[in-house]
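One structure is given here, and the rest of the page talks about it.
The values are calculated or read from the model by the stated rules, or taken from the named source; none is laboratory data. Treat the numbers as computed from the prediction; the structure is a model and nothing was measured. Note that we place each Cβ from the backbone using ideal geometry, even for glycine, and neighbour counts take in every protein chain shown.
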Amino acid sequence: MAAKKYIVKKGKVYWPNEEMKKIAWVKSDKIYREASKSPVKFWEKLAKEGIDWEKKWDKAYEEKLPYFKWFKGGKLNFCHNALDRWAKETPNKTALIWIPEPLSERPLKITYMQLYDAVNRFSNVLKAQGIKKGDVVAIYLPMIPESLIAMLACTRIGAIHSVVFSAFSADALRARIEDGEAKILITADGYYRRGKPEDLLHKAKKAAKRTTVKRIIVVSRLGQKIRGRKFLDFGEEIKKADLCYPPATVNSEDVMFILYTSGTTGKPKGIVHDTGGYAVQAYWTTKWNFNLHNDDIIWCTADIGWITGHTYAFYGPLLNGATTLIYEGSPDYPDFGRWWKIIEENHVTVFYTAPTAIRMFRKEGDSWLKKYNLDSLRVLATVGEPIDEEAWLWYLKKVGKERCPLIDTWWQTETGGTLINTLPGIGPFVPTVAGKSFPGTKHIVVDEQGKENKKGESGYLVQVSPFAPGMLHGIYKNHKKYVETYWRFKKYYDTSDGAYLRNGLIRVTGRTDDVMKVAGHRLATAELENAINENKKVNECAVVPIPHEIKGQVPIAFVVLKGGKGSEELEQELKRHVDQKIGPTARPERIFFVSDLPKTRSGKIMRRILKDILKKEEPQGLMTLLNPEAVESIKDVVAGNQ
Ligand code: PRX
């Protein structure tokens, strides 16, 4: 039987058809108007329906900018909402499907009851280590079930988790441990990537040395024996632990987790998320964006080291009592058919991935897709960076066979959950256009002075009060940075993205600051520059992103040495240094050794000129430069003449 069709093409855009409307939670755009009449009341209603509260809030929304609170006075436990209620209602339903990378290992299905058991036990393991409400626990784990167990156990206790991407270096992990003053580190001996074991434990040990971390709990994924006074074996401890840990009552505004992200300076910022507001936005955005029903199996390919992994690989699906799938390994292992094989074998219905991956698969050709049956898919989605029309159409036509709504979701680490996208039962699905603000939220485009651009001119994308419930509640221990980064327009939250309006829909064009997206990963040019500048031979450097066919953007570094000439060896040495300071995701694509960098008279490096040179465009505004002669010499280096 042919798979059901959920969309129709009208002109150049797609719309949900009757079949989609039949199964959609929301099918009429009246919802936007109704929600905007009183966004706070709207969210209150959603909070009541979606989340179990131990005590109802006294005040739904309180705003004292630059801070605001949701569901003040409300009490709940996040883990109860994501786990206990389903363990009671649907104990035998699969909560998590885990696909290990090696084909020799079998996928693992964990039911809500089994997960409940493991999370209770692990909460007791943490308790035995002295972890209590409000303590910070660092988690440096790959895509394995223990990540979910560890994160949920923190939320059960009311401890704050700080997850660090497993491909980040020891130095990057250390910086995050130190900033959060984490008491415990949970890690693994390693994981599998492209058929080979990758080390984590050595990096973790190095990072935790002489920090606040008193114990390291290690998952033995590669079968190593864990020894030493500072170490505990995750598997052994969980077996010994007590079966019951009652969920702690926390305030809606209590911090649930910190997640570090790049801003425009070299130092990552600890984005603070609360409990109640985050839970409400995670619950409803998952349910409505992906039109999640009882029989859905959602696969969000993001790593748990990023916000997308937090909210849509784990928390949103579990808050809805759904089945979520995670995969340990690389998309091209053992070949480019792996993802499609996973979708076919597990009957994945909702597929959420990044434009980078789509561009990569598109380049590999359609033959990999043709080998697999993808009829189970119902909703497709993307996130993380602007998606180009070709990639969007390829995804819609080749993966979704023009059957499935394709939603382009715009959001950020700071927003906790999605904020701008089309809803699958409402449409339209337009290539490169994210869509409308989620009901109950509002975004506008403003000019430099904060005046609204109503006629579709490009400008700055900002969020308008009342701010969404899942929004950040500050930068960890850094009020000044919080104010500077997000509140330059005073009454609006500044997203740092550029956008414009087309027919009432928002098209996001990308960052307006010195932050780039490399294969969807957020990196600040300053982080890379700091890393390169640490090398003794380097006098100064500038890093700029250039467009890349697959990764969206890649960093290019221009380095001025203290003396001597650049060489292939030195380029490699600097790249290795970036790997060590941040991780291979940040490695510059090229390093050019130049004699000078273009600067203004006040000494500011003009990165815009470097970008023009790389794009082979004639740089403008050279009159304002202190050293215009540098430009010709850089052009020669880039052209390979020097
Ligand atoms: O520039 C926007 C881009 O990703 C940034 C946020 O990055 P991060 O905090 O790592 O979170 C990524 C996943 C939520 C935004 O400021 N971005 C995210 N989604 C989109 C996007 N750009 C265009 N279209 C999107 N759908």
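Yes or no: MET1 out of contact with any Leu (no Cβ under 8 Å at 6 or more places or on another chain) and outside the structural domain of TYR486 (by TED's automatic domain parsing)?
Yes.
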*Residue count, the range 332-345 (criterion: buried (at least 17 other Cβ atoms within 10 Å of the Cβ) and either touching a Leu at 6+ places or on another chain (Cβ under 6 Å) or within 22 Å of PHE165 (Cβ to Cβ) (or both))*: 6
*Would you please list the contacts, defined by Cβ atoms under 8 Å and residues six or more apart or on different chains, that run from a residue in the range 237-264 that is in a strand (DSSP E or B) to a residue that is within 16 Å of the ligand (Cβ to nearest atom) and among the basic types (Lys, Arg)?*
TYR260/ARG176; TYR260/LYS269; THR261/LYS269; THR261/ARG522
*Sort out which residues of the range 483-515 are assigned to a helix (DSSP H, G or I) and either away from the ligand (no atom under 15 Å from the Cβ) or among the acidic types (Asp, Glu) (or both), and write them in order of number.*
VAL483, GLU484
*Please go through the range 388-414 and pick out each residue that is basic (Lys, Arg) and either within 16 Å of the ligand (Cβ to nearest atom) or in a helix (DSSP H, G or I) (or both).*
LYS397, LYS398
*Taking strands (runs of 3 or more DSSP E) that fall entirely within the range 66-183, which contain at least 3 residues that are of a type in the set (Phe, Trp, Tyr)?*
67-72
_Residue check for ALA468: hydrophobic (A, V, I, L, M, F, W, C) and either within 9 Å of the ligand (Cβ to nearest atom) or in contact with an Asp or Glu (Cβ under 7 Å, 6 or more places away or on another chain) (or both)_ = no
*Does the range 129-152 contain at least one residue that is more than 27 Å from the chain's Cα centre (by Cα), of a type in the set (Val, Ile, Thr), over 12 Å from THR187 (Cα atoms) and at pLDDT 95 or above?*
no
*State whether one or more residues within the range 45-62 are in contact with a Leu (Cβ under 6 Å, 6 or more places away or on another chain) and either at pLDDT 95 or above or within 30 Å of HIS479 (Cβ to Cβ) (or both).*
yes
*Has the range 415-424 got any residue that is assigned to a helix (DSSP H, G or I), more than 9 Å from the ligand (Cβ to nearest atom) and not aliphatic (A, V, I, L, M)?*
no
*Can you name the number of the only condition in (1) of a type outside the set (Phe, Trp, Tyr); (2) crowded, with 24+ Cβ neighbours inside 10 Å; (3) within 18 Å of the chain's Cα centre (by Cα); (4) not in a strand (DSSP E or B) that ASN291 fails?*
(3)
*Might you let me know whether the range 16-36 holds any residue that is touching a strand residue (DSSP E or B) at 6+ places or on another chain (Cβ under 8 Å), farther than 26 Å from VAL464 by Cα, of a type in the set (A, V, I, L, M, F, W, C) and in a strand (DSSP E or B)?*
no
*Just checking, how many residues over the range 425-449 are among the aliphatic types (A, V, I, L, M), within 19 Å of VAL8 (Cβ to Cβ) and away from the ligand (no atom under 12 Å from the Cβ)?*
2
*Of the residues in the range 584-634, how many are among the charged types (D, E, K, R), surrounded by fewer than 17 Cβ atoms within 10 Å (Cβ to Cβ), modelled with pLDDT under 95 and not in a loop (DSSP other than H, G, I, E, B)?*
4
*Is it the case that some residue within the range 539-547 is assigned to a strand (DSSP E or B), surrounded by fewer than 23 Cβ atoms within 10 Å (Cβ to Cβ) and within 16 Å of the ligand (Cβ to nearest atom)?*
yes
*Those residues that are part of a strand (DSSP E or B) and without any contact (Cβ under 8 Å) to a residue 60 or more places away in the chain, I need them from the range 56-65; list them, please.*
LYS59, ALA60, GLU62, LYS64
*Name the residues in the range 360-387 that are surrounded by fewer than 22 Cβ atoms within 10 Å (Cβ to Cβ) and in a helix (DSSP H, G or I), would you?*
MET360, ARG362, LYS363, GLU364, SER367, TRP368, LEU369, LYS370
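Could you please let me know if ILE304 is within 15 Å of the ligand (Cβ to nearest atom), assigned by TED's automatic domain parsing to the domain that holds LEU141 and not hydroxyl-bearing (Ser, Thr, Tyr)?
Here the answer is yes, as ILE304 does meet what is asked.
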*Matching residues in the range 388-401 - criterion: being within 13 Å of PRO431 (Cα to Cα) and touching a residue at least 12 places away in the same chain (Cβ under 8 Å)*: ASP388, GLU389, GLU390, ALA391, TRP392, LEU393, TRP394, TYR395, LEU396
